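Down below is the structure, laid out as structure tokens.
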Amino acid sequence: MEGTDVTAAPGFFKPITGSVMPRFAGLATLMRLPYVQAHDPEFADVEIGLVGIPWDGGTTNRPGARHGPRQVRDISTMIRNVNRASGIAPFSLCNCADLGDTPVNPVDLMDSLARIETFFNGVCGAGIAPLSVGGDHLVSLPVMRAIVKQTGPLGMVHFDAHTDTWDGYFGGFKYTHGTPFRRAVEEGLLDPKRTVQIGIRGALYSDAEDTWGQEQGIRVIDIDEFNALGVEGTIAEARRVVGDGATYLSFDVDALDPVYAPGTGTPEIGGMTTLQAQHVVRGLQGLNLVGGDVVEVSPPFDPSGNTALVGATMMFEILCVLADSVRKRRG
Ligand code: MN
Ligand code: MN
């Protein structure tokens, strides 16, 4: 009974409760949070900003992730207030808001990276921790560029079927959704020795594809090791790798088996389940998380809309861990 949910008490930064406005009604914002723009007076009070990045210009194969934020916004109206498993009520811990979509230029990749970074400079410069929904995986790069100006180099827990540390495509072009974390290491945004990649699998272009990252010190937990370690062992190893420093969480929905998330550009069979992914994210509570993203939701490949539900729900799981971390930093 949502009407008896104490966390749905009115307040500017509280989601609109389904007992007042039915979930199918009203304007769709991420998790039914208020929409706050940088010029609004409430912007200064936002602690966690949910942001859409409607852009897939870094996609090398099947596009469509530009449509991710709008469908995730719609389906995220299903999200409620309290994480049943962890007990975390993120909207009671922190002021959360939907900051809207970043500006993008669908016909100019480099201009889009600049526009996205500029947007997040404003967010991070205001002390707001970003939690974004893409968009293809290249969007993590401009987000990290903005965060690092506040925090210094980041550790990262990265869920994906792919390492995304390829060097270049199409004659050495450096910026695609297969390259963001190589660029992030090169630019000093990401500390490879505090980076763990979980769920990696699938065929490679060559057996050299994965070696660069591991030479830098990235800890790769491929899907076979994930299954050997189990959820608890994976959590322990991820926590060991990233330690206490500022950490980013990046969740590519293709980390999941395509039976759970078919709506993505580069699916790989043999992936983790949604429940396993939820358990691993919950197990990261207590890390020094400074931001996160969910990427590669491509609605055109999933007419059922379930991949967007998966994306919205994983975003909520990440939000719970992030809100706990933001609250602890605030003191
Ligand atoms: Mn990826
Ligand atoms: Mn991937």
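On the beta carbon distance between Ala85 and Arg327, with R0 = 25 Å, the FRET formula returns roughly 0.90.
Here the Debye sum runs over all C-alpha atoms of the range 265-329 as equal scatterers in vacuum, and log10 of I(q)/I(0) at q = 0.20 Å⁻¹ comes out as -0.85. For helix 140-151, report the angle its Cα long axis makes with the longest principal axis of the Cα atoms of the chain; keep it between 0 and 90° and round to the nearest 10°. Between helix and principal axis, roughly 70 degrees. With R₀ set to 45 Å, the beta-carbon distance separating Ala126 from Ala228 gives a calculated FRET efficiency near 0.55. Take every DSSP beta bridge whose two residues both sit in the chain; close to 5 percent of them are antiparallel. The length gained by stretching the chain between Ala236 and Thr211 to full extension, at 0.36 nm per residue less their Cα-Cα distance, is 6.6 nm.
Given charges of +1 on the Cβ of Lys and Arg and -1 on the Cβ of Asp and Glu, with all other atoms neutral, how large is the dipole of the chain about its Cα centre, in debye to the nearest 20? In total the dipole reaches around 960 debye. Within the range 1-111, the ratio Rg/Rh, alpha carbon atoms throughout and Rh by Kirkwood, equals 1.03. May I ask for the angle, rounded to the nearest 10°, between helix 223-242 and the longest principal axis of the chain, with both axes built from Cα atoms and the value confined to 0 to 90°? So the helix axis and the longest Cα principal axis differ by about 70 degrees. Computed over Cα pairs, the Kirkwood radius of the range 117-163 leads via Stokes-Einstein (1.306 mPa s, 10 °C) to a diffusion coefficient of 139 µm² per second.
Computing Rg and the Kirkwood Rh from the Cα coordinates of the range 142-231 gives a ratio, Rg/Rh, of 0.97.
Mind listing which GluC sites (Glu not before Pro) in the range 125-221 are in a DSSP loop and have 14 or fewer other Cβ atoms within 10 Å?
Of the GluC sites (Glu not before Pro), the ones in loops of the range 125-221 whose Cβ has at most 14 other Cβ atoms within 10 Å are Glu187.
Just so you know, the averaged projected area of the alpha carbon convex hull for the range 201-322 sits at 7.6 nm². Working from the pairwise distances between different alpha carbons, so that the mean of 1/r is found and then inverted, what is the range 160-205's Kirkwood radius in Å? For the range 160-205, inverting the mean 1/r across all distinct Cα pairs yields 11.3 Å. For a straight C-alpha distance cut-off of 16 angstrom, the aspartates and glutamates reachable from Lys149 (same-chain residues fewer than eight places away being disregarded) are Glu117, Glu186, Glu187, Asp191. Going by neighbour counts of Cβ atoms within 10 Å, the residues Trp166, Trp212 line up, fewest first, as Trp212, Trp166. The trypsin sites (Lys or Arg not before Pro) found in the range 119-187 that occupy coil by DSSP, while having at most 16 further C-beta atoms within 10 Å, are Lys174. What is the distance in Å between the Cα centroid of the range 163-240 and that of the range 111-162? Value for the Cα centre distance between the two parts: 18 Å.
The residues His158, His39, His279, when put in order of fewest to most other Cβ atoms within 10 Å, stand as His39, His279, His158. Rounded to two decimals, the Cα radius of gyration of the chain over 2.2 N^0.38 Å is 0.91. Would you kindly calculate the translational diffusion coefficient of the range 61-150, applying Stokes-Einstein with the Kirkwood radius from alpha carbon pairs, for 10 °C and a viscosity of 1.306 mPa s, and quote it in µm² s⁻¹ without decimals? Rounded, D is 108 µm²/s.
Length gained on full extension, Thr273 to Asp40: 79.9 nm, using 0.36 nm per residue less the C-alpha separation.
Please arrange Asp160, Asp252, Asp111 by counting, for each residue, the other beta carbons lying within 10 Å of its beta carbon, fewest first.
Placing the least packed residue first, the sequence is Asp111, Asp160, Asp252.
Contact order for the range 30-330, expressed relative to its length and based on alpha carbon pairs under 8 Å spaced 6+ residues apart, stands at 23 percent. Debye-formula intensities of the range 192-261, expressed as log10 I(q)/I(0) at q = 0.12 Å⁻¹, are -0.34 (one equal scatterer per alpha-carbon, no solvent).
FYI, it's all coordinate maths here, none of it is from the lab. Treat the numbers as computed from the prediction; the structure is a model and nothing was measured. Methodologically, a virtual Cβ is constructed for each residue, glycine included, from the backbone with ideal geometry; neighbour enumeration extends over all protein chains shown.
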